[in-house]
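In what follows, a single structure is set out as structure tokens and then discussed.
The values are calculated or read from the model by the stated rules, or taken from the named source; none is laboratory data. This structure is a prediction, so every number in the text was calculated from the model and none was measured. Using ideal geometry, Cβ is built from the backbone for each residue, glycine included, and neighbour counts are taken over all protein chains shown. SASA here: full protein model, heavy atoms, side chains in, ligands and nucleic acids out. Shrake-Rupley method; radii C 1.70, N 1.55, O 1.52, S 1.80 Å.
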Amino acid sequence: MKMIGIEPVTNGTDLESFYSGALGRISQIMLVLAFVCSIVAWWRYGEWVAIGFVSGCAVAYLNFHWLKRVVTALADRATQPGRAQSSKGMVVRFLLRYVLMALGAYVIFTVSPASLYGLFAGLFLPAAAIGCEAAYESWVALARGI
């Protein structure tokens with residue numbers, strides 16, 4: 001069964017390499033969605049909402065990558081108990097995410113209350129990217145007959 005260049009899976013290594021690339025694909029999808037949706041927001045709702053949306057996307061993108069690093073550090077700490085790691089940096093990054101979101105919301109609200117809607121929409125960027133990745137993985141699984 002060959003469909004649009006997708007070959008059938010012959011072993012578990014192919015599946016493992018495909019699914020291990022999900023975080024990289026999600027990051028790329030986030031960038032594409034942020035670019036396309038910011039243009040649509042500017043065209044449809046105006047510059048202030050688009051600025052709020054871009055700000056929300058930036059905070060969401062940073063939040064996603066910092067969360068990924070915290071989870072990786074926690075997993076390393078759990079799997080390698082003999083290795084001492086500083087947890088101060090993890091806690092600071094964890095709290096900084098929420099400070100950035102609150103600061104962005106405050107600044108945007110004081111400049112233009114209408115752009116706060118754009119900020120909140122931009123904060124949903126990772127959820128939209130994960131939904132796109134789930135749809136892509138489902139399509140690939142159906143095409144490969146998994």
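Miscellaneous remarks
- Condition met for residue 42 (closer than 24 Å to residue 16 by Cβ and open to solvent by 80 Å² or more (accessible area, probe 1.4 Å)): no
- Within the range 23-79, if we keep just the residues that are closer than 20 Å to residue 100 by Cβ and of a type in the set (Lys, Arg), the residue that is farthest from the chain's Cα centre (by Cα) turns out to be 69.
- Across the range 87-146, the qualifying residues are those that are among the small types (Gly, Ala, Ser) and part of a loop (DSSP other than H, G, I, E, B), and the one among them that is surrounded by the most Cβ atoms within 10 Å (Cβ to Cβ) is 112.
- Residue 61 being in a helix (DSSP H, G or I), surrounded by 14 or more Cβ atoms within 10 Å (Cβ to Cβ) and touching a Pro at 6+ places or on another chain (Cβ under 9 Å): yes
- Residues in the range 46-95 that are modelled with pLDDT of 80 or more, more than 21 Å from residue 129 (Cα to Cα) and out of contact with any helix residue (DSSP H, G or I) (no Cβ under 7 Å at 6 or more places or on another chain): 46, 47, 95.
- Members of the range 122-134 found to be hydrophobic (A, V, I, L, M, F, W, C) and closer than 10 Å to residue 29 by Cβ, listed by number: 125, 128, 129, 130, 132
- Residue check for residue 23: touching a Lys or Arg at 6+ places or on another chain (Cβ under 8 Å), modelled with pLDDT of 85 or more, within 15 Å of residue 119 (Cβ to Cβ) and part of a helix (DSSP H, G or I): no
- Of the residues examined, residue 35 is one that is modelled with pLDDT of 95 or more and either open to solvent by 40 Å² or more (accessible area, probe 1.4 Å) or more than 24 Å from residue 120 (Cβ to Cβ) (or both).
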